[in-house]
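For reference, the structure is listed below as C-alpha cells.
Only the coordinates and a few stated rules stand behind these numbers; no lab work does. Quick caveat: nothing in here was measured; it's all calculated off a predicted structure. Counting neighbours? That spans all protein chains shown, and the Cβs are built from the backbone with ideal geometry, glycine included.
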Amino acid sequence: MRSRLIQRNLRADPPLALRGEGIFLHDSNGRTIIDGSGGAAVACLGHGHPRVLEAMAAQMAKLTYAHTALYSCESAEALADLVLEGEPGGLAQMYLCSSGSEAVEAALKLARQHFVEIGQPQRRHFIARRQSYHGNTLGALAAGGNMMRRALYQPILSDAFHHVSPCYAYRERAAGEDEAEYVARLAAELEAEFQRLGPDSVAAFVAEPVVGATLGCVTALPGYFAAMRAVCDRHGALLVFDEVMCGMGRTGTLHAWEQEGVAPDIQVVAKGLGGGYQPIGGFLANRRVMDPIRDGSGGFMHGHTYQAHPMAAAAALAVQQVIREEKLLDNVQAMGALLEARLVDRLGNHRHVGDIRGRGLFWAAEFVADRASKAPFDPALRLNDRIKQEAYARGLACYPMAGTIDGRRGDHVLLAPPYIATEADIEAIVTRFGDAVDAALANLP
Ligand code: PLP
C-alpha cells in the first residue's frame, strides 16, 4: 500500500489515470484504455476537449470564486439561460451545486419547502422505487431503493421515504400479463402507496426515467410515466425525475423525459451537465414549484458554499455549447443505434446474457446463470467485476454495477461511450467487451 487516499478498495491501490485525450485514458500501468463508460456515464465529451479547456482557462483568469450571499456570476447565469432556453417542459429555473447527490438532496428539500409555503406542511413523505439509486448522502440514500447500498446505514435513514416497484419488465412483468396490464398494475401499486400513507401527506414521487446505476439502463414501458404522473396529479404531489445519469443528452435527447412525453416538476441533473470537467450538479424546476416560494418566504432554504461555482459553471456551459454546436445529439442517436445493433449481434444469443437494454449511448447487459429461469450467478463470483478486469486487460473501461435482484447482488455491466464516439470506436468497444465477457465466463472457478 502506497496511497494515503481513502480509495474504494483499502487493500489495493488502483493505477493512476495520468492523461485523458478524446475517448482514451492513459494510465500508470502504461496502458491506453478506451473510456467506454465515461467513468460512471460522466465524460460525455471525452477528455481534454479544447473548447472546454479554453473556457475553463478564460474563466480562471477572470474569476474563480465569489460567494452567493452577495453575488451571482456570469458563467452560472449563462448556463442556466442556455439549459432553460425555451423552458423545456415548463422548467424555468435552475439551482447549481457540486454533485448529483447534493442536487437530489436539494430537490427533495425544494419539494418539502414548496408544500410548506403553500400551506400543506403535512406533506412529508416521498415515494421512490425499489432498485433505484439517487446518491450516497443520507437523504439521497434514503430515497434510493438499492438495498445493498442502504443496508449499513438503514438505522440512520429517514422514515419519510417509501418504495414501490420499478418498471422492470424483464424480471417483474408477470407471465401472461401484457405491457398495458403491467403498467396498470404499477400505477395501482403507486396509488395504493399514496392511500396507505395518506394521499395528502405525500410530497413527491421520485424516479429515474432510465434507471442507471442499480439495474443498468432499464427503460420504462410506453405509458408508464404518464400513468405515474396521473397518480401524482390526482393527489397534488410533485413528480421529480432524477436524470443525474440518463440526462443531458445521454439517451439521445437533451432530457430523457422528452422520450416519455411527460415533463417533471423538478428534474435533477449532474453527470452530463459538466461531463466531468468540473464537479457540478443541479436541478431544474417549473413555475408551479418556484412561484409560491418566490412570492412567499422569498428564498430557497438551502445552500452550499460552492453552489453555482464560477469555474464549474464555465466548464458546464462550454460542454453544453459544444453539444449544441457539434450537433452531438445526432451522433448519440446514430452511434446509439449502432451500439445496440452491434451488442445484439455479438451477445444477443449468448447463453449467459439475459437482457441487453438501453437508449442512446446508454446500454447495459444483464448476465444470468440461466436464460430460461433468469437465475443470477452466485454473487460470490462477482462476475461483473471479473468482466471489468477482463475488459481492462483488453483496453476497455466499462462500468460494473452493484445492482440487486430480489435484494441480492446482480451482474449488470454498463457502457456509456462519449457523445463524440465514431463508428470505429463503437466497433472497438463491442469487440473488446464481447471478448471480455467470454473470457470472464470461461475463467469462472
Ligand atoms: N442519481 C443518480 C441517478 C445517479 O446515477 C447518481 C450517481 O451515480 C447520483 C444520483 C449521485 O450522484 P453523485 O455520485 O454525483 O453524488
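Remark: spin-label model distance Ala69-Glu427 equals 5.9 nm, labels positioned 7 Å along the Cα→Cβ axis. Going from the fewest other Cβ atoms within 10 Å to the most, the residues His304, His134 appear in the order His304, His134. Once you have a ≥ b ≥ c as the square roots of the Cα gyration tensor eigenvalues for the chain, tell me rounded if a/c is under 1.5, and otherwise prolate or oblate according to whether a/b is larger than b/c. Oblate, because a/c is 1.5 or more while a/b does not exceed b/c. Taking other C-beta atoms within 10 Å as the exposure proxy, Asp370, Asp438, Asp159 rank Asp159, Asp370, Asp438 from fewest upward.
Just tell me which lysines come within less than 20 Å, Cα to Cα, of Lys271; anything on the same chain fewer than 8 places away is out. Reachable lysines: Lys327. Rounded to the nearest 20, the size of the Cβ-charge dipole of segment 315-377 about its Cα centre is 180 debye, with Lys and Arg at +1 and Asp and Glu at -1. With the convex hull of the Cα atoms taken as the outline of segment 298-395, the averaged projected area works out to 11.9 nm².
So what is the relative contact order for segment 250-385, in percent, with contacts set as C-alpha pairs under 8 Å and at least six apart? Let's see the in-between values first.
Numbers: 142 pairs, mean separation 29.4, N = 136.
Value for segment 250-385: 22 percent.
Between Arg4 and Lys62, the distance separating the two model label sites (each 7 Å from Cα on the Cα→Cβ line) works out to 3.7 nm.
Compare the peptides 276-286, 293-303, 314-324, 70-80 by average per-residue count of other Cβ atoms within 10 angstrom and give them in order, highest first. Display every interim value, and only then the final one.
Working: 276-286: 25.6, 293-303: 13.4, 314-324: 23.8, 70-80: 17.6.
Peptide ranking by packing, descending: 276-286, 314-324, 70-80, 293-303.
Which of Met228, Met311 has the fewest other C-beta atoms within 10 Å, and how do the rest follow up to the most? Could you put the intermediate results ahead of the total?
Details: Met228 25, Met311 21.
With the fewest neighbours first, Met228, Met311 line up as Met311, Met228.
Classify segment 1-151: rounded, prolate or oblate, from the alpha-carbon gyration tensor (a ≥ b ≥ c, eigenvalue square roots; a/c under 1.5 rounded; otherwise prolate if a/b is larger than b/c)? Oblate.
For the peptides 419-432, 336-349, residues were scored by their other Cβ atoms within 10 Å and the scores averaged per peptide; the highest-first order is 419-432, 336-349.
Near the amide H of Ala204, within less than 5 Å, lie the amide hydrogens of Ile127, Leu238, all on another chain or at least 5 residues away, with H placed in the peptide plane.
What is the magnitude of the charge dipole of segment 167-254 about its Cα centre, with +1 placed on the Cβ of each Lys and Arg, -1 on the Cβ of each Asp and Glu, and no other charges, expressed in debye to the nearest 20?
Numbers: 7 positive and 13 negative charges, 30 e Å.
Dipole about the Cα centre, nearest 20: 140 debye.
Our coupling estimate for segment 78-86, obtained by passing each phi through the Karplus curve with A = 6.51, B = -1.76, C = 1.60 and θ = phi - 60°, is 5, 5, 4, 4, 5, 5, 9, 3, x Hz, Gly and Pro reported as x.
Summarising the amide proton neighbourhood of Ile405: residues at separation of 5 or more, or on other chains, whose placed amide H is nearer than 5 Å comprise Gly410.
Computed about its Cα centre, the charge dipole of the chain is approximately 1260 debye, with only Lys, Arg, Asp and Glu carrying charge at their Cβ. Couplings 3J(HN,Hα) of segment 226-234, computed from phi: 4, 5, 5, 4, 4, 5, 4, 4, 4 Hz, in residue order, whole Hz [Karplus 6.51 cos²θ - 1.76 cosθ + 1.60, θ = phi - 60°; x for Gly and Pro].
I'd like the FRET efficiency for Asp345 and Asp81, computed as 1/(1 + (r/R0)^6) with the beta carbon distance as r and R0 of 30 Å, rounded to 0.05. Intermediate results must be reported in sequence, preceding the final value.
Numbers: r = 43 Å, r/R0 = 1.44.
Taking R0 as 30 Å, the efficiency between Asp345 and Asp81 is 0.10.
Taking every DSSP beta bridge that has both residues in the chain, what percent is antiparallel when rounded to the nearest 5? Write out the running numbers ahead of the final one.
On the way: 37 of 54 bridges.
If I count the DSSP bridges inside the chain, around 70 percent turn out antiparallel.
Secondary-structure-derived ellipticity at 222 nm for the chain, considering helices only, amounts to -11500 deg cm²/dmol, per-run term -39500 (n - 2.57) for DSSP H runs with n ≥ 4. Which whole-number percentage describes the relative contact order of segment 170-295, with Cα contacts under 8 Å and a sequence gap of 6 or more? Value for segment 170-295: 19 percent. Looking at the square roots a ≥ b ≥ c of the eigenvalues of the Cα gyration tensor of segment 390-438, which shape do they give, rounded for a/c under 1.5, prolate if a/b is larger than b/c, or oblate? Taking the square roots of the gyration eigenvalues as a ≥ b ≥ c, segment 390-438 is prolate. Relative contact order for the chain: 22 percent, from Cα pairs under 8 Å spaced at least 6 residues apart, divided by residue count.
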